[in-house]
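What follows draws every value from the coordinates through simple rules; no lab data is involved. Worth saying up front: this structure is predicted, and the values here are computed from it rather than measured. Here the Cβ is made from the backbone with ideal geometry for all residues, glycine too, and neighbour counts use every protein chain on show.
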Amino acid sequence: MGRFIILSGPSCVGKGPLHSAFSKFYPDQAASLHKLVLYNCRAPRPGEIDGKAYWFRSREEIESFRKKENFIVLDVRGDLQAVDLNDVERSLAAGDLFFEGNPFVGRKLQETLRVKANLLSVFLSPLSREEILFLKSQAAPLPDFLTDVMRRKLLRRTQRQKGILSLKDLENIERRASSAYTELKEAWYFDYIIPNHDGEDSENWDAFYYPVSDARKTLLAFADLITGKASAGAEKWEQELVR
């Protein structure tokens with residue numbers, strides 16, 4: 001039975017760029033990780049390919065998976081996502097498996113497979129433990145603060161992808177930004193948390209030959225964890241940190 005690597009975090013926190021950078025600069029390690037592809041009812045974003053990013057299917061088809069024992073179906077920010085557990089077990093029997101996605105799905109996979117698989121779960125956070133403690137000491141409204149942080153990231157990412165934004169785009173941004181705090185409350189359940197301020201809106205991932213600033217620190221921390229090394233860039237959080 002192979003390892004199951006889970007990478008989760010709020011939308012636009014940088015999961016995709018991190019995975020891409022890891023594949024580019026640690027090709028041998030990345031090549032051994034078979035990506036778990038989920039089903040999703042939303043439309044593909046620019047550049048996403050069916051069967052690689054997700055299996056893009058209708059809401060009705062994914063809803064029907066609830067009747068099948070081998071599927072986990074979850075409502076993720078208004079989108080239905082589904083995991084085929086038979087596919088998970090087949091992949092783990094053949095080698096290591098990698099999941100990159102929403103924290104609710106990441107936690108459910110851990111709860112379902114913790115006793116069956118050798119798990120390593122990593123949560124990518126837009127705030128560090130020290131920053132959260134500081135904000136709490138200042139009596140700052142953490143949900144509002146985090147929503148504003150993620151709204152700005154999501155706006156920059158979507159503008160870069162589409163240029164002019166539609167009302168539907170803005171509604172989607174607001175839904176994802178507003179969900180970030182609830183998702184951050186899941187972080188304590190993961191083995192490690194990596195703080196990262198360079199989300200998917202940042203050019204620090206790919207504007208230069210090598211990631212710089214927080215993107216570089218995040219890549220190095222993730223690579224250390226994947227290769228079984230202790231990482232100074234990874235944190236562990238108690239459940240009470242984010243209430």
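For segment 110-153, trypsin sites (Lys or Arg not before Pro) meeting the loop criterion (DSSP other than H, G, I, E, B) and having at most 13 other Cβ atoms within 10 Å: ARG114, LYS116. Working note: 222 nm ellipticity from helices only, DSSP H runs with n ≥ 4, each -39,500 (n - 2.57), summed and divided by the residues of the chain, gives -13500 deg cm²/dmol to the nearest 500.
Between LYS168, LYS185, LYS15, the GNM of the chain built on Cα springs shorter than 10 angstrom shows LYS168 fluctuating the most. Highest average first, the peptides 208-220, 50-62 ordered by how many other beta carbon atoms sit within 10 Å of their residues are 208-220, 50-62. Straight Cα distances below 15 angstrom link LYS68 to the aspartates and glutamates GLU60, ASP84, ASP87, with same-chain residues fewer than 8 positions distant left out. Measuring against 19 Å, Cα to Cα, the residue pairs LYS185/LYS236; LYS136/LYS185; LYS35/LYS185 contain LYS35/LYS185 as the ones spanning a longer distance. Of the residues GLU63, GLU186, GLU100, which exhibits the maximal mean-square fluctuation in a Gaussian network model of the chain defined by a 10 Å Cα contact cut-off? Most flexible of the set in this elastic network: GLU63.
Take 77-86, 3-12 and order them by the average number of nearby Cβ atoms within 10 Å per residue, most first; the result is 3-12, 77-86. The fewest-to-most ranking of GLU183, GLU200, GLU48 by surrounding Cβ atoms within 10 Å reads GLU48, GLU200, GLU183. Residue pairs exceeding 18 angstrom between C-alpha atoms, taken from LYS15/LYS217; LYS15/LYS153; LYS108/LYS229; LYS108/LYS217: LYS108/LYS229; LYS108/LYS217. Comparing PRO46, PRO17, PRO103 in a Gaussian network model of the chain (Cα springs below 10 Å), the most mobile by mean-square fluctuation is PRO46.
Segment 150-225 and segment 71-106 have their alpha-carbon centroids 20 Å apart.
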